[in-house]
1. Placing +1 at every Lys and Arg Cβ and -1 at every Asp and Glu Cβ, with all other atoms neutral, what dipole size does segment 167-287 have around its Cα centre, in debye to the nearest 20?
2. Indicate the gyration tensor shape class of segment 14-286 (rounded, prolate or oblate), computed on the Cα atoms with a ≥ b ≥ c the square roots of the eigenvalues: a/c under 1.5 is rounded; otherwise a/b larger than b/c is prolate and the rest oblate.
3. Give the lysines reachable from Lys168 as a straight Cα distance under 30 Å; neighbours fewer than 8 places away on the same chain don't count.
4. Listing Leu285, Leu72, Leu158 from the residue with the fewest other Cβ atoms within 10 Å to the one with the most, what is the order?
5. Which of His68, His267 comes first, and how do the rest follow, when ranked by fewest Cβ neighbours within 10 Å?
6. Just want to confirm a number: the relative contact order over the chain, from Cα pairs under 8 angstrom separated by 6+ residues, in percent.
7. Can you pull out the GluC sites (Glu not before Pro) in segment 243-277 that DSSP calls coil and that have at most 13 other Cβ atoms within 10 Å?
8. Could you size up the charge dipole of segment 14-286 around its Cα centre, putting +1 on the beta carbon of Lys and Arg and -1 on that of Asp and Glu, and report it in debye to the nearest 20?
Amino acid sequence: MTGTFVKTASTPCYRDAPNRFVAVDDIRFADRELGPRSEVQLILLNHWGAVLDNFDPMIIDGLAASHHVVALDYRGIGLSGGSAPLTIDEMARDVMAVISKLGFAKVDLMGFSLGGFVAQDIALKAPALVRKLILTGTGPAGGAGIERVGAISWPLILKGMLTLRDPKAYLFFTSTAKGRRAAMDFLARLKERTMDRDKGPTPRAFLRQLAAIKAWGRQAPQDLGLIHIPVLVANGDNDIMVPTSNTRDLARRIPNAELVIYEDAGHGGIFQYHSEFVPRALAFLAA
């Protein structure tokens, strides 16, 4: 599939999607949905500290042109209630419970960064639930450098504060002219929604999610050979948060994996190359 999704005045947009809530065991989870109803839903799982307003609207709008997309807030993050889990295992079980409560019998999962950890764990825990898997900017349990994400991130978070710039400009993109341009465009897209925005993560939730990421980086590798569904794996060629070697490792260890590496791109390679990624993802889901 080729071409680029173009929004028109009559096209529903993620920026206008209402906040919804589903209760699971007295915990209220926030989500937004977009796109035509379909037999298989596409569940989106996001990065460390991300809320609903951190999903790239350009990517969601493109995917929702032909798929029913549901973006979730993890427990304890944004508008969702409860305390943020300290393990990926707990996050995966939360997402599985939300999917069940929403009445979805079969789903596709797309996870970015932390969301990719969660998506892998769900695919291993509930193989009958997941039809296809898209893993972006992410890596396997025990992957190289994953436990150091905090050590890598804190100096750039501080740099963002000192320069009055969103730290994602430094964490997700390269410092080349192309990377800086992509960062500006991406961050502008995240501000498109002006009404009913999500709440930012609390410092406590941010740190608890970081603890879960470190634990994932330190735990024993999982048997990814047990994932027999089709998997699309994508990243930039210079990811400093979850080193790109992990992306290649995922593609090597998962039997039915396709690998896409974007040049002169970092952790947010799919955001920088959204016009290439969306058609690739749509073709993968349609195959």
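1. Numbers: 17 positive and 12 negative charges, 112 e Å.
With Lys and Arg at +1 and Asp and Glu at -1, about 540 debye.
2. Numbers: a/c = 1.19, a/b = 1.10, b/c = 1.09.
The shape class here is rounded.
3. Reachable lysines: Lys7, Lys132, Lys159, Lys178, Lys191, Lys199, Lys214.
4. Working: Leu285 20, Leu72 27, Leu158 11.
The most exposed by this proxy come first: Leu158, Leu285, Leu72.
5. Working: His68 20, His267 29.
Lowest to highest Cβ neighbour count: His68, His267.
6. Details: 610 pairs, mean separation 63.5, N = 287.
With pairs under 8 Å counted, the relative contact order is 22 percent.
7. Glu263
8. Values: 32 positive and 29 negative charges, 79 e Å.
In total the dipole reaches around 380 debye.
Taken together, the values in this text are just the output of simple stated rules run on the coordinates, not laboratory data. Computed from a prediction, not measured in an experiment: that's the story for all the values here. Glycine gets a Cβ as well: all are built from the backbone with ideal geometry, and neighbour counts include every protein chain shown.
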